Amino acid sequence: MVINLAMKILIGIPFVFGLLVYKLRTRHLSTFNAIENFLRSQNNLMPISYSYSDIKKMTKGFREKLGEGGYGSVYKGKLRSGRDVAVKILGKNKSNGQDFINEVTTTGRIHHVNIVRLVGYCADMSHCALVYDFMPNGSLEKYLCCKKSGIHSLTWEKKQAITLGVAQGIEYLHRGCDMRILHFDIKPHNILLDDNFTPKISDFGLAKSYSNETSIVTITAARGTIGYVAPELINRGIGAVSYKADVYSFGMLLMEMLSLKKNLIQNTELSSQYFPDWIYDHFNKSKDLEIGDAEELGCEERKITRKMTIVALWCIQMNPVDRPSMSKVMEEKFREKFNLVRGGFYTDEVQGS
């Protein structure tokens, strides 16, 4: 009896191991088959195709790591021309290949001053990499996490310029392309800054493209980063999913730039409440919003923060129908052409925009 059991185990273990290897290899091949099929079907891609050997050479053996996340790792590289680039190595866990396809589909076809430029890509059976323009000032996130007196502090004029640039980039994605592109992950970490602090929207791994003739997009699961995800992506009963999801994320990004998100809720009994609801309750109780360093602001800076605050509140309304389109935000250029009233928000132009 014991001998028979031992024999079954000895025979079974190699069988199970072989089955696992077969399944992993099949999944791996199907991933790259999907990528290969995608690349063969594209005849209008602008980026350059690199081999993995090229990628290793341009990064000098992945010597200088710039960052790491759920997508994989990013390294600094240099092209033969001497131009600096950022090389994103996609993690193997990412892929049915969709993140790679999303990135190449979007940034590989478009060019805009506020969208990060995809220089090239690598897909050679075992490795996927994306090569972007290098952004020497890193992401917006590091400028928002530091203290106001720190070396990375930004003036309010610079913050306003960055905000306008991000708005222009999103508006281009929504209306300036042959296909409407929804980013679904607008947040400070995904806003990169060049040497002149011009913002570039990056990381299109969650992006979805669809026809300009269609106003509603179908997705099977919520996508994005907690704290920036539009409520309709979590609860479909709130409203249909559309480009207004990016508008919501843009509004939350503004709240982060204003330090309102962390300053208002931190250390309060309402810290677990859904943030927009907390804001509305705050106004209903006739309380003012206080910017972190409001007492030190000059007249012009106060005007900037007020405009940014109002636009942020305009964009994070619960019902997506009540939010403006990014083109409306750009048309107004942050002018206060709507009212905040006790009990809610309204505007004669936002409805149906």
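Nothing in this text is a laboratory measurement; each read-out follows from the coordinates by a stated rule. All of these numbers come straight from a predicted model, not from anything done at the bench. Cβ coordinates were reconstructed from backbone atoms using ideal geometry, including for glycine residues, and neighbour counts include every protein chain displayed.
Starting from the amide H of Thr59, placed 1.01 Å from N in the peptide plane, find each other amide H under 5 Å away whose residue is 5 or more places distant or on another chain.
Hits under the 5 Å cutoff: Lys78.
Ranked by Cβ crowding within 10 angstrom, fewest neighbours first, how are Phe134, Phe197, Phe250, Phe62 ordered?
Phe62, Phe197, Phe134, Phe250
Tell me, Glu141, Glu296 in order of fewest to most beta-carbon neighbours within 10 Å?
Glu296, Glu141
For a quick check: with amide H placed at 1.01 Å from N, whose amide H comes under 5 Å from Val119's, ignoring anything fewer than 5 positions away on the same chain?
It is Val131, Tyr132, Asp133, by chain and number.
Listed here are the pairs Lys159/Lys307; Lys57/Lys187; Lys244/Lys328; Lys56/Lys88; which of them are more than 22 Å apart at the Cα?
Lys57/Lys187
Can you work out the FRET efficiency for the pair Phe62 and Arg83, with r the C-beta to C-beta distance and R0 = 22 Å, to the nearest 0.05?
For R0 = 22 Å, the calculated efficiency reads 0.75.
Kindly put Tyr132, Tyr71 in sequence by how many other C-beta atoms sit within 10 Å of each C-beta, fewest to most.
So the residues, fewest neighbours to most, are Tyr71, Tyr132.
Kindly write out, for the stretch 162-174 in residue order, the coupling ³J(HN,Hα) from the Karplus curve 6.51 cos²θ - 1.76 cosθ + 1.60 (θ = phi - 60°), rounded to whole Hz, with x marking Gly and Pro.
Karplus-based 3J(HN,Hα) across the stretch 162-174 equals 5, 4, 5, x, 4, 4, 5, x, 5, 4, 5, 4, 7 Hz.
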